[in-house]
1. Which numbered condition trips up Ile242, out of (1) modelled with pLDDT of 90 or more; (2) open to solvent by 30 Å² or more (accessible area, probe 1.4 Å)?
2. In the range 526-545, what residues are part of a strand (DSSP E or B), among the hydrophobic types (A, V, I, L, M, F, W, C) and farther than 21 Å from Asp370 by Cα?
3. Looking only at residues that are at pLDDT below 90 and more than 25 Å from Gly369 (Cα to Cα) in the range 488-525, which one is nearest to the chain's Cα centre (by Cα)?
4. Restricting attention to helices (runs of 4 or more DSSP H) lying wholly within the range 1-77, give those where 1 or more residues are in contact with a Cys (Cβ under 8 Å, 6 or more places away or on another chain).
5. What is the number of the single condition among (1) of a type in the set (S, T, N, Q); (2) surrounded by fewer than 21 Cβ atoms within 10 Å (Cβ to Cβ); (3) within 30 Å of Phe12 (Cα to Cα) that Thr149 does not meet?
6. Take the residues in the range 329-358 that are aliphatic (A, V, I, L, M) and closer than 14 Å to Leu114 by Cα, then tell me which one is surrounded by the fewest Cβ atoms within 10 Å (Cβ to Cβ).
7. Might you check whether a residue that is under 24 Å from Leu478 (Cα atoms) and open to solvent by 60 Å² or more (accessible area, probe 1.4 Å) occurs anywhere in the range 21-36?
8. Determine which single condition Leu336 fails, assuming it passes every other condition in (1) under 24 Å from Leu105 (Cα atoms); (2) touching a Phe, Trp or Tyr at 6+ places or on another chain (Cβ under 8 Å).
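The values are calculated or read from the model by the stated rules, or taken from the named source; none is laboratory data. Every value quoted in this text rests on a predicted model; they were computed, and no experiment measured them. Here Cβ is always computed from backbone atoms with ideal geometry, including for glycine, and neighbour counts include all displayed protein chains. The protein model used for the area step is the full one, side chains on, heavy atoms only, and it has no ligands, DNA or RNA in it. Shrake-Rupley method; radii C 1.70, N 1.55, O 1.52, S 1.80 Å.
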Amino acid sequence: MLRFFSGLTISFVVILYIIYNYYFSVNFPFQDDFLLIQFIETVTSRGLRSWELVNELFRTFNDHKAVIPRLISLVEYNLTGHLNFRFYIVLVTVNVLYIFYFLYLQFRKSGHPLYYFLPAPFLFFQPQFYEVSGWALNGMQHTFLIAFTVSAIILVSRGTAWAFYVAMFCCFLATFTHGNGILSFPAIIFYFLCRKDFKKAGGATFFMIVSLLIYLIGYESGQAVQLPASISKLFVFLFSFIGFSMSVLGSHVLWPVLWGIVIVVLMFFLVIKVGATYFNKPACLKPGTLELLTFFVFIFTTALVIAIFRSWTEISIASRFQIYAALSTVIFYLLLLDYSVVLRKRAVLLVITGLSALYCGYSYYTFTGDVAARRTAYLADVYNWTNNKNMFSVERSLVSKGNFYLLPAYEKGVFKLPRPVVGNAEMNAMYYPDSGTIKSAGIKIEDWKIVRASKTGEDTLNYFFVSADSIPKRKRLLQDRFLVLKAQGTDTFYLMQANPKTEGRKHVLGGGSYFKTGFLATLRQDDLDVGTYELGMLDVGCCGDKSLYKFKELLYVGDNGYIIK
């Protein structure tokens, strides 16, 4: 009965994660996703020869040779005639499930009852790494990279010759999925050194050097590569990278760094335990320990390399890297379960499982606002691109520089967008009646200057936050709220993401509402052309029901910013 309940609980957590990410995903390209569009447009418009196609596949983009994602997009385009970015997010989810299955395989070797595994899904299947689970190209790069790495670990643990060569091929694929993929080789070399299999360790080193030489052909350094300003910043970045799961507690430095140190100390202890075999002492390792330790070595070397080249930015760890933190925490728990008798006591396990469930729930509370905002921003840009050939989810310069391939690719159907949440004719019909006009919504605008570190010093970005605190009424959780901007004197409408701020913890628990009343929209300095814009608010429910509010205030756009009158 206890096993059935444990399996049911794990299944519920996993299914919730799948439904959550599928609902909040949109078939719309974001930022680096343009790379896939450019690749397909280049391939289809130029009639490339075989060697030219290979050159395009292996072209460097921002430090990475995303050969595998490009290849997937090429296969999909040949099969369907277009790119579907939501389909890529489904592939990401499949990869995440496979990675978790690898962890379960190592747990099963311990022989513990299934209920000891309960904290693992709570710690892993949560939206902290939403930039992986909801961003097509980024998600494919990180999850395919990790999936290839764990496949290599599974293969080398079998000890056969054919498994070794297939494992090397998996590491090669990881190398050409994401720039950090080359680090899968050192992890496998570590595995063989732990086994004192120096012949295979040498073979893996040879394949690593060959892969690296191929990778360096035509390599171009990315914009974010720079050595750290100090050793202390490097170590803070390194440990927080590993322990960033604890950032949900409110600190992006203290708790992640402390948790990262705790995890690394346990792993160092186990490495010393393995190293005892070099002094003719038995290692006494539990089944699955070496595989989990090898996986962590891959994560640690990844964290170290990223810390060396990116800790200079002095920013918190990006969401796309936090899948490694979640994996580190789960690996830490599984290993501690094997080497700590206290942890296997039922009372202790009950407390840990309860805390893990609370952690999972709190992560959903903390990050759902960001996840929902991304969905709404993409849906807004589906309308904007379909009707105006512009978008606000990325900087305007990125779109203008990419229009030479975005526009022809869209016209040829290389990427097809879903139907907008509202049609242009429907928007006109809803907007022009005067019955929906509100005298004043109390709209305010704040000017924020954000300093961002760059290789040449610092960049100052000017953002404008347009908001109202009391109107419109409270938004439902699965509702999308858009700021409507109508260029005065024309029939041109723009939509922008305008989900309000989230409520505090006490109100969510007591009042049952996740979002506050009103709205919040973010504008960059150059998002809109100079002119005057009428303002409105469009709410669209998950079933397609719509409500439009018209505001009396106008937005004036000048060369120096925005004014509400």
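1. Against the list (1) modelled with pLDDT of 90 or more; (2) open to solvent by 30 Å² or more (accessible area, probe 1.4 Å), Ile242 comes up short only on (2).
2. Residue satisfying the conditions is Leu535 alone.
3. Looking at the filtered set, the residue picked out is Thr492.
4. 2-23
5. Single failed check for Thr149: (2).
6. Pass one, the range 329-358, residues aliphatic (A, V, I, L, M): 330-331, 334-337, 341-343, 347-352, 355, 357-358.
The next check asks that each one be closer than 14 Å to Leu114 by Cα; those that pass are 334, 337, 349-350.
Working: Leu334: 22, Leu337: 20, Leu349: 19, Leu350: 12.
In this case the residue turns out to be Leu350.
7. Taking every residue of the range 21-36 in turn, at least one turns out to be under 24 Å from Leu478 (Cα atoms) and open to solvent by 60 Å² or more (accessible area, probe 1.4 Å).
8. (2)
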